[in-house]
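Step one of this worksheet: look at the structure below.
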Amino acid sequence: DGGITQSPKYLFRKEGQNVTLSCEQNLNHDAMYWYRQDPGQGLRLIYYSQIVNDFQKGDIAEGYSVSREKKESFPLTVTSAQKNPTAFYLCASSTTGHSRNTIYFGEGSWLTVV
Amino acid sequence: AQTVTQSQPEMSVQEAETVTLSCTYDTSESDYYLFWYKQPPSRQMILVIRQEAYKQQNATENRFSVNFQKAAKSFSLKISDSQLGDAAMYFCAYRSGRDDKIIFGKGTRLHILP
């Protein structure tokens, strides 16, 4: 079945370590997105990519990095520079152009930094 | 930069009654898309309804409808005949037609009272 797969679902890391969250889609979508969700903050955009080998910073990009080497993959690295990385992370993808009216989401990843 | 504002952090409605969730947005663009997403406790993001800005007619999906007022930059969601299964977080989202950036409001938690 077509969809978006995020892994791992739960991740624990020690403070100061970099961690990478995986996001893979088999929907042939050009656009991909990463969001962070904290209580009372809604979904805040970290990075997004409209096409392979290109991406843009969202509203809270500091302390995060991404790559888009393949159309189906958009991994997110939470670096040690991110001051408060414990959160729920959501990946999304979408078509672009005239059919950009649907957004698909993964099931999310919980990151806890201790 | 675009913004999305949901001014009601929480709302309650009696089962079978009607409730309206508010959303306002700010943009200088003319080409954009608006969405309402539902997030139950499972954290899965479920599309409720969508609206293309160029369409004047308000979108409707069964018990869900929107009041889209483009000049006022308002996009409220009306839920008719509220059901217990409607209890969730509801997020309003804006998608730019220029660069495909998608941003969300902080959400409204909807409680359904039996």
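The values are calculated or read from the model by the stated rules, or taken from the named source; none is laboratory data. The structure displayed is predicted, hence computed values, not measured ones. Cβ placement follows ideal geometry from the backbone for every residue including glycine, while neighbour counts extend to all protein chains displayed.
State whether one or more residues within the stretch A:15-25 are within 14 Å of the chain's Cα centre (by Cα), more than 24 Å from B:Ser42 (Cβ to Cβ) and more than 10 Å from chain B (Cβ to nearest Cβ). Spell out the reasoning first.
Pass one, the stretch A:15-25, residues within 14 Å of the chain's Cα centre (by Cα): A:19-25.
Retained after the next criterion (residues that are more than 24 Å from B:Ser42 (Cβ to Cβ)): A:20.
Adding the requirement that they be more than 10 Å from chain B (Cβ to nearest Cβ) leaves A:20.
Checked against the condition, which is being within 14 Å of the chain's Cα centre (by Cα), more than 24 Å from B:Ser42 (Cβ to Cβ) and more than 10 Å from chain B (Cβ to nearest Cβ), the stretch A:15-25 yields at least one hit.
Output the residues belonging to the stretch A:30-42 that are more than 20 Å from A:Thr77 (Cβ to Cβ) and surrounded by 22 or more Cβ atoms within 10 Å (Cβ to Cβ).
Once the filter is applied, which keeps residues that are more than 20 Å from A:Thr77 (Cβ to Cβ) and surrounded by 22 or more Cβ atoms within 10 Å (Cβ to Cβ), the stretch A:30-42 yields only A:Gly42.
On the basis of being buried (at least 21 other Cβ atoms within 10 Å of the Cβ) and either of a type in the set (Phe, Trp, Tyr) or over 30 Å from A:Ile51 (Cα atoms) (or both), does B:Ala16 make the cut?
No.
Residue-wise test of (1) out of contact with any Cys (no Cβ under 6 Å at 6 or more places or on another chain); (2) part of a loop (DSSP other than H, G, I, E, B); (3) small (Gly, Ala, Ser); (4) surrounded by fewer than 13 Cβ atoms within 10 Å (Cβ to Cβ).
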{"site": "A:Phe12", "(1), (2), (3), (4)": "yes, no, no, yes"}
{"site": "A:Leu21", "(1), (2), (3), (4)": "yes, no, no, no"}
{"site": "A:Asn28", "(1), (2), (3), (4)": "yes, yes, no, yes"}
{"site": "A:Arg44", "(1), (2), (3), (4)": "yes, no, no, no"}
{"site": "A:Tyr47", "(1), (2), (3), (4)": "yes, no, no, no"}
{"site": "A:Gln50", "(1), (2), (3), (4)": "yes, no, no, no"}
{"site": "A:Phe55", "(1), (2), (3), (4)": "yes, no, no, no"}
{"site": "A:Glu62", "(1), (2), (3), (4)": "yes, yes, no, yes"}
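Would you mind listing the strands (runs of 3 or more DSSP E) fully within the stretch B:9-114 where at least 2 residues are touching a strand residue (DSSP E or B) at 6+ places or on another chain (Cβ under 9 Å), at the interface with chain A (Cβ under 9 Å from one of its Cβ atoms) and more than 28 Å from A:Tyr33 (Cα to Cα)?
none
Tell me, yes or no, whether the stretch B:59-80 has at least one residue that is small (Gly, Ala, Ser) and within 16 Å of A:Asn101 (Cα to Cα).
Looking for residues that are small (Gly, Ala, Ser) and within 16 Å of A:Asn101 (Cα to Cα), one finds at least one in the stretch B:59-80, hence yes.
Taking A:Asp30 as meeting all but one of (1) farther than 22 Å from B:Gln44 by Cβ; (2) within 9 Å of chain B (Cβ to nearest Cβ); (3) modelled with pLDDT of 95 or more, write down the number of the exception.
Looking at each condition in turn, A:Asp30 falls short on (3).
Among (1) without any contact (Cβ under 8 Å) to a residue 24 or more places away in the chain; (2) in contact with a Pro (Cβ under 8 Å, 6 or more places away or on another chain); (3) over 22 Å from A:Tyr104 (Cα atoms), where does A:Lys83 come up short?
Status for A:Lys83: all satisfied but (2).
Quick one: in the stretch A:73-114, which of the residues that are more than 25 Å from B:Ser42 (Cα to Cα) and away from chain B (no Cβ under 12 Å) is surrounded by the most Cβ atoms within 10 Å (Cβ to Cβ)?
A:Gln82
Which condition number in (1) touching a residue at least 40 places away in the same chain (Cβ under 8 Å); (2) outside any strand (DSSP E or B) is the one that A:Tyr33 fails?
Condition not satisfied by A:Tyr33: (2).
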